[in-house]
1. Where the only charges are on Cβ atoms (+1 Lys, Arg; -1 Asp, Glu), what is the dipole of the chain about its Cα centre, to the nearest 20 debye?
2. Place +1 on the Cβ of every Lys and Arg and -1 on the Cβ of every Asp and Glu in the chain, take the dipole about the Cα centre, and give the residue among A5, Q90, P62 whose Cα lies farthest towards its positive end.
3. Each label point is 7 Å from the Cα along the Cα-to-Cβ direction; what then is the distance between the points at K37 and D18, in nm?
4. So, for the chain, what is the accessible surface per residue at a probe of 1.4 Å, expressed in square angstrom?
5. Of the trypsin sites (Lys or Arg not before Pro) in the range 1-44, which ones lie in a loop per DSSP and count no more than 13 other C-beta atoms within 10 Å?
6. Roughly to the nearest percent, how much of the accessible area of the chain is carbon and sulfur, given a 1.4 Å probe?
7. If R₀ is 35 angstrom, what is the calculated FRET efficiency for the pair Q60 and R86, using the beta carbon separation as r and rounding to 0.05?
8. Taking springs between alpha-carbon atoms closer than 10 angstrom, which of R67, R86, R47 fluctuates most in the Gaussian network model of the chain?
Amino acid sequence: MRFKATDHNLTIDMDSDDPTELLRGVAGALVPRYARKIYFHSDQPIRTAINGVTVAVDGQEPTNFLRSFRVIHRGNTITVVSSNDRRFSQDLWRLLAEELLATMG
(Lines give C-alpha, C1' and ligand atoms only; values in the text may rest on other atoms or scores of the structure.)
Protein backbone atom coordinates (compact mmCIF):
# COMPACT_ATOMS: atom_id res chain seq x y z
CA MET A 1 0.00 0.00 0.00
CA ARG A 2 1.09 3.53 -0.71
CA PHE A 3 -0.31 6.59 1.03
CA LYS A 4 -0.49 10.21 -0.01
CA ALA A 5 -1.62 12.67 2.66
CA THR A 6 -2.72 16.22 1.85
CA ASP A 7 -4.59 18.88 3.79
CA HIS A 8 -7.78 17.69 2.06
CA ASN A 9 -7.67 13.89 2.13
CA LEU A 10 -5.71 10.66 2.37
CA THR A 11 -5.28 8.68 -0.84
CA ILE A 12 -4.38 5.01 -0.53
CA ASP A 13 -3.19 2.91 -3.46
CA MET A 14 -4.11 -0.67 -2.62
CA ASP A 15 -2.41 -3.86 -3.74
CA SER A 16 -5.78 -5.36 -4.73
CA ASP A 17 -9.13 -4.05 -5.88
CA ASP A 18 -11.01 -5.43 -2.83
CA PRO A 19 -11.43 -2.59 -0.32
CA THR A 20 -13.01 -4.65 2.48
CA GLU A 21 -9.99 -5.11 4.77
CA LEU A 22 -8.77 -1.55 4.29
CA LEU A 23 -12.28 -0.20 4.90
CA ARG A 24 -12.39 -2.15 8.18
CA GLY A 25 -9.08 -0.56 9.17
CA VAL A 26 -10.23 2.96 8.27
CA ALA A 27 -13.51 2.48 10.16
CA GLY A 28 -11.63 1.13 13.18
CA ALA A 29 -9.34 4.16 13.21
CA LEU A 30 -12.09 6.76 12.76
CA VAL A 31 -15.17 5.37 14.55
CA PRO A 32 -15.96 6.38 17.32
CA ARG A 33 -12.86 8.50 17.98
CA TYR A 34 -13.48 11.04 15.18
CA ALA A 35 -16.91 10.16 13.80
CA ARG A 36 -20.04 8.24 14.74
CA LYS A 37 -20.08 6.67 11.28
CA ILE A 38 -18.44 7.00 7.90
CA TYR A 39 -19.95 6.74 4.45
CA PHE A 40 -18.54 4.40 1.83
CA HIS A 41 -19.05 5.02 -1.87
CA SER A 42 -17.66 2.61 -4.45
CA ASP A 43 -17.68 1.79 -8.12
CA GLN A 44 -18.33 -1.83 -7.09
CA PRO A 45 -20.65 -3.33 -4.45
CA ILE A 46 -19.28 -4.39 -1.08
CA ARG A 47 -20.48 -7.71 0.29
CA THR A 48 -19.60 -7.27 3.97
CA ALA A 49 -21.28 -5.25 6.71
CA ILE A 50 -18.70 -3.25 8.66
CA ASN A 51 -19.48 -1.64 12.01
CA GLY A 52 -19.62 2.15 11.68
CA VAL A 53 -19.83 2.13 7.87
CA THR A 54 -22.88 3.13 5.85
CA VAL A 55 -22.83 2.37 2.14
CA ALA A 56 -23.89 5.30 -0.04
CA VAL A 57 -25.43 4.26 -3.36
CA ASP A 58 -24.94 6.36 -6.50
CA GLY A 59 -27.77 8.84 -6.84
CA GLN A 60 -29.12 8.01 -3.37
CA GLU A 61 -26.45 9.62 -1.18
CA PRO A 62 -27.75 11.05 2.09
CA THR A 63 -28.06 14.82 2.33
CA ASN A 64 -25.10 15.04 4.72
CA PHE A 65 -22.81 12.90 2.54
CA LEU A 66 -20.52 15.76 1.44
CA ARG A 67 -20.27 17.10 5.00
CA SER A 68 -19.39 13.74 6.62
CA PHE A 69 -16.37 11.46 6.79
CA ARG A 70 -16.43 9.44 3.61
CA VAL A 71 -14.40 6.79 1.86
CA ILE A 72 -14.45 6.81 -1.93
CA HIS A 73 -13.31 3.65 -3.73
CA ARG A 74 -12.34 3.67 -7.40
CA GLY A 75 -10.34 0.79 -8.91
CA ASN A 76 -7.31 0.20 -6.68
CA THR A 77 -7.56 3.57 -4.94
CA ILE A 78 -9.33 4.61 -1.77
CA THR A 79 -9.69 8.27 -0.83
CA VAL A 80 -10.63 9.16 2.74
CA VAL A 81 -12.13 12.64 3.20
CA SER A 82 -12.74 14.27 6.57
CA SER A 83 -15.99 15.83 7.68
CA ASN A 84 -16.72 19.56 7.72
CA ASP A 85 -16.87 19.45 11.51
CA ARG A 86 -13.60 17.56 11.97
CA ARG A 87 -11.11 18.62 9.31
CA PHE A 88 -7.89 16.65 9.23
CA SER A 89 -4.52 18.22 8.53
CA GLN A 90 -1.81 16.54 6.51
CA ASP A 91 -0.18 15.47 9.79
CA LEU A 92 -3.38 13.81 11.04
CA TRP A 93 -3.74 11.96 7.74
CA ARG A 94 -0.16 10.73 8.10
CA LEU A 95 -0.92 9.48 11.61
CA LEU A 96 -3.96 7.63 10.28
CA ALA A 97 -1.83 6.07 7.53
CA GLU A 98 0.75 4.94 10.10
CA GLU A 99 -2.00 3.43 12.24
CA LEU A 100 -3.40 1.58 9.23
CA LEU A 101 0.04 0.21 8.34
CA ALA A 102 0.56 -0.96 11.91
CA THR A 103 -2.80 -2.70 12.21
CA MET A 104 -2.87 -4.21 8.74
CA GLY A 105 0.76 -5.32 8.71
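1. Using Cβ point charges on Lys, Arg, Asp and Glu, the chain gives about 380 debye.
2. So the residue furthest toward the plus end is P62.
3. Each label point is offset 7 Å from its Cα along the Cβ direction, giving 2.5 nm.
4. 59
5. Answer by residue number: R33, R36.
6. Within the chain, the accessible surface is 46 percent carbon and sulfur.
7. Between Q60 and R86 the formula returns 0.90.
8. The residue with the greatest mean-square fluctuation here is R47.
The values are calculated or read from the model by the stated rules, or taken from the named source; none is laboratory data. All figures in this text were calculated on a predicted structure; none of them were measured in a lab. Positions of Cβ are generated from backbone atoms using ideal geometry, with glycine treated the same way; all protein chains shown enter the neighbour counts. Please note that ligands, DNA and RNA were not included when accessible areas were found on the heavy atoms of the full protein model with its side chains. Shrake-Rupley method; radii C 1.70, N 1.55, O 1.52, S 1.80 Å.
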